[in-house]
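Peer 1: Handing you a structure now.
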Amino acid sequence: MIQYQYALDAGEELVDINDLNREALDEEGYVCLSCRNPLIPRLGKKKAHHFAHKKHVNCSPETYLHKLGKQVFFDVYTTCLETRIPFFIELQQDVECNHFQETIGFSCMDDKKLKKFDLTRYFKIIEYEQRDGQFIPDLLLLNETRKEKVYVEIAVTHKLSEQKENSEFKIIEFDVQNENDLDIIKKRKVSVNNEKVRFLNFRTTPAVKDVCKGSCFRYFNFFVLYNSGKCHLSQLTPREIVEKRKRFGDKIYFSTTFEDYGTFEPFFFKSAVAVLGKKNFPVKNCFLCRYHAENTSLYNDEAIFCKFLKEPCNSNKAADCSAYRKEAKYVEQLLEEMNWNYPDFLKYFE
């Protein structure tokens, strides 16, 4: 026989069997959330206390859990609003270090932390299964102007519809498979780290502060175009970037810093060269030259084979080569590859 922990009393209030005793039973009885049939409280000494149907009925435990989840959230949140008790959610927030922001041109992603928000500070209204445009969320949280909203969904067997999941609305989805899964709602603290909860379309503003205090050991790509037309890409710490700029400042025509992409270093070097070539900066590099080809020799590790000189060479040889001719099609080919793989790479050259 189906056993439930919760029932509705004569006043349609949710009752937990664990809050009952023999002296405080409702004389008018209890009904099932799912099938609305009478329930009997079982308060024996041997078995766990529970509600049981008065007679055998066809009752859906899934419907019971779905209705129970909605009612528990509605009751808990309403109590929070009435008594000014916080209902917290915890979301991931990026932490960025700005100590070397002027040096590298952007704040450095340092870590993530949990950021706590009190829903009741922003959403003072809760509605039960009210239509909102094309959707009917299980529960709807609204701010006082009714412009900001959060959908609260209880997922038992049916998850979010594709339309609702792909909408722009903020959604909190609770995966409820048993009565114990509702404890996180009762505790009034719902975390993104809980595997039973999904947050959709919630975004937090990064926390920007001086984290490293100047002792950053992260490596970044530092790309330099020298006055000579030669280019160089190296992985340096922010302090090393500062030192290099001081040392070669009068010889540097242009420089930029971007995230260290590791094994993609050759790709980003060629992309950077192509961007500068497109901007008509005074870059001279064999990757842009009409006479260049890929060096396939097993006995030489230079990237370029010069079809004019008929020899392998470093791509910076173009800076001192009278035969260098920039070829627009090679510039466009490299830019097309860059835009396909990393379309936001251009921001480092603005």
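Peer 1: Amide H to amide H, which residues 5 or more places from L33 or on other chains are under 5 Å from it, using H placed in the peptide plane?
Peer 2: Here the answer is L8, since their amide H atoms fall under 5 Å of that of L33.
Peer 1: Quick one: 3J(HN,Hα) in Hz for segment 315-320, Karplus 6.51/-1.76/1.60 with θ = phi - 60°, rounded, Gly and Pro as x.
Peer 2: These are the phi-based 3J(HN,Hα) values: 5, 7, 4, 4, 4, 10 Hz.
Peer 1: Can you compute the helix-only [θ] at 222 nm over the chain? Use -39500 (n - 2.57) per DSSP H run of at least 4 residues, normalise by all residues, nearest 500 deg cm²/dmol.
Peer 2: Numbers: 8 runs with 78 residues, N = 350.
Estimated from H runs of four or more residues: -6500 deg cm²/dmol.
Peer 1: Still on this structure, I have one more. What would the Debye equation give as log₁₀ I(q)/I(0) for segment 82-208 at q = 0.10, 0.11, 0.22 Å⁻¹, counting only Cα atoms as equal point scatterers?
Peer 2: Log10 of I(q)/I(0), two decimals: -0.39, -0.47, -1.39.
Peer 1: Could you pull out every residue, at least 5 positions away or on a different chain, whose amide H is within less than 5 Å of the one on F254? Hs are placed 1.01 Å off N in the peptide plane, and Pro or chain starts have none.
Peer 2: L225
Peer 1: Additional query: Which of these, A52, A207, A323, has the largest mean-square fluctuation under a Gaussian network model of the chain (Cα springs below 10 Å)?
Peer 2: Maximum fluctuation in the GNM of the chain, among the listed residues, is at A323.
Peer 1: Next up: Might you report the magnitude of the Cβ-based charge dipole of segment 3-59 about its Cα centre, with Lys and Arg at +1 and Asp and Glu at -1, to the nearest 20 debye? Don't jump to the answer; show the numbers that get you there.
Peer 2: Details: 8 positive and 9 negative charges, 121 e Å.
Charge dipole of segment 3-59: 580 debye, to the nearest 20.
Peer 1: So if I place +1 on the C-beta of Lys and Arg and -1 on the C-beta of Asp and Glu, and nothing else carries charge, what would the dipole magnitude of the chain be about its Cα centre? I want it in debye, nearest 20. If you can, show how the numbers build up before the last one.
Peer 2: Numbers: 53 positive and 53 negative charges, 226 e Å.
With only Lys, Arg, Asp and Glu charged at Cβ, the dipole is about 1080 debye.
Peer 1: Could you go through segment 106-120 in sequence order and give the Karplus-derived ³J(HN,Hα) for each residue, using 6.51 cos²θ - 1.76 cosθ + 1.60 with θ = phi - 60°, rounded to whole Hz, and x for Gly and Pro?
Peer 2: These are the phi-based 3J(HN,Hα) values: 7, 6, 9, 5, 9, 6, 10, 9, 8, 10, 9, 10, 9, 4, 5 Hz.
Peer 1: Hey, another quick one. For the pairs K278/K329; K70/K164; K113/K149; K230/K251; K124/K147; K270/K329, flag any whose C-alpha to C-alpha distance is greater than 20 Å. Walk me through the intermediate numbers first.
Peer 2: Working: K278/K329 11 Å; K70/K164 18 Å; K113/K149 25 Å; K230/K251 11 Å; K124/K147 12 Å; K270/K329 14 Å.
Violating the 20 Å limit, Cα to Cα: K113/K149.
Peer 1: In addition: So how do S215, S167 line up by other beta-carbon neighbours within 10 Å, fewest first? It would help to have the intermediate numbers written out before the result.
Peer 2: Numbers: S215 10, S167 17.
Going from sparsest to densest Cβ surroundings: S215, S167.
Peer 1: Now, a different point. With unit charges on the beta carbon (Lys/Arg positive, Asp/Glu negative), name the residue among G214, F117, Q163 whose Cα is farthest towards the positive pole of the charge dipole of segment 117-223.
Peer 2: Looking along the dipole axis, the top candidate is G214.
Peer 1: I want to verify the translational diffusion coefficient of segment 179-250 in µm²/s; compute it with Stokes-Einstein, Rh as the Kirkwood radius over Cα pairs, at 4 °C and 1.567 mPa s. Provide the component values of the computation, followed by the final result.
Peer 2: On the way: Rh = 17.3 Å.
Using the Kirkwood radius from Cα pairs, D works out to 75 µm²/s.
Peer 1: Continuing with this model, one more query. Across every pair of different alpha-carbon atoms, what Kirkwood hydrodynamic radius in Å does segment 220-349 reach? Can you show the working numbers first?
Peer 2: Details: mean 1/r = 0.0658 Å⁻¹.
One decimal place: 15.2 Å for the Kirkwood radius.
Peer 1: Separate question: Distances longer than 28 Å among the Cα atoms of the chain: what percent of all pairs is that?
Peer 2: Of all Cα-Cα distances in the chain, 63 percent exceed 28 Å.
Peer 1: Using the eigenvalues of the Cα gyration tensor, what equivalent ellipsoid semi-axes result for segment 73-142 when each is taken as the square root of five times the eigenvalue, whole Å, largest first? List each step's numbers first, then the result.
Peer 2: On the way: eigenvalues 274, 52, 16 Å².
Working through the eigenvalues yields semi-axes of 37, 16, 9 Å.
Peer 1: Then there is this: In whole Hz, what ³J(HN,Hα) sequence does segment 46-60 give by Karplus (6.51, -1.76, 1.60; θ = phi - 60°), x for Gly and Pro?
Peer 2: Those phi angles translate into 9, 9, 4, 4, 6, 9, 10, 5, 5, 9, 5, 9, 8, 10, 9 Hz.
Peer 1: Can you tell me the orientation of helix 61-83 relative to the chain, as the angle in degrees between its alpha-carbon axis and the longest Cα principal axis, to the nearest 10?
Peer 2: 80
Peer 1: Then there's this: If N is the number of residues in segment 3-59, what value comes out of its Cα radius of gyration divided by 2.2 N^0.38 Å? Intermediate results must be reported in sequence, preceding the final value.
Peer 2: Values: Rg = 10.5 Å, N = 57, 2.2 N^0.38 = 10.2 Å.
The value comes to 1.03.
No value in this document is a laboratory result; all are computed from the given coordinates. Only a predicted model underlies this, so the values are computations on that prediction, with no experimental measurement involved. No Cβ is skipped: glycine too gets one built from the backbone with ideal geometry, and neighbour counts run over all protein chains shown.
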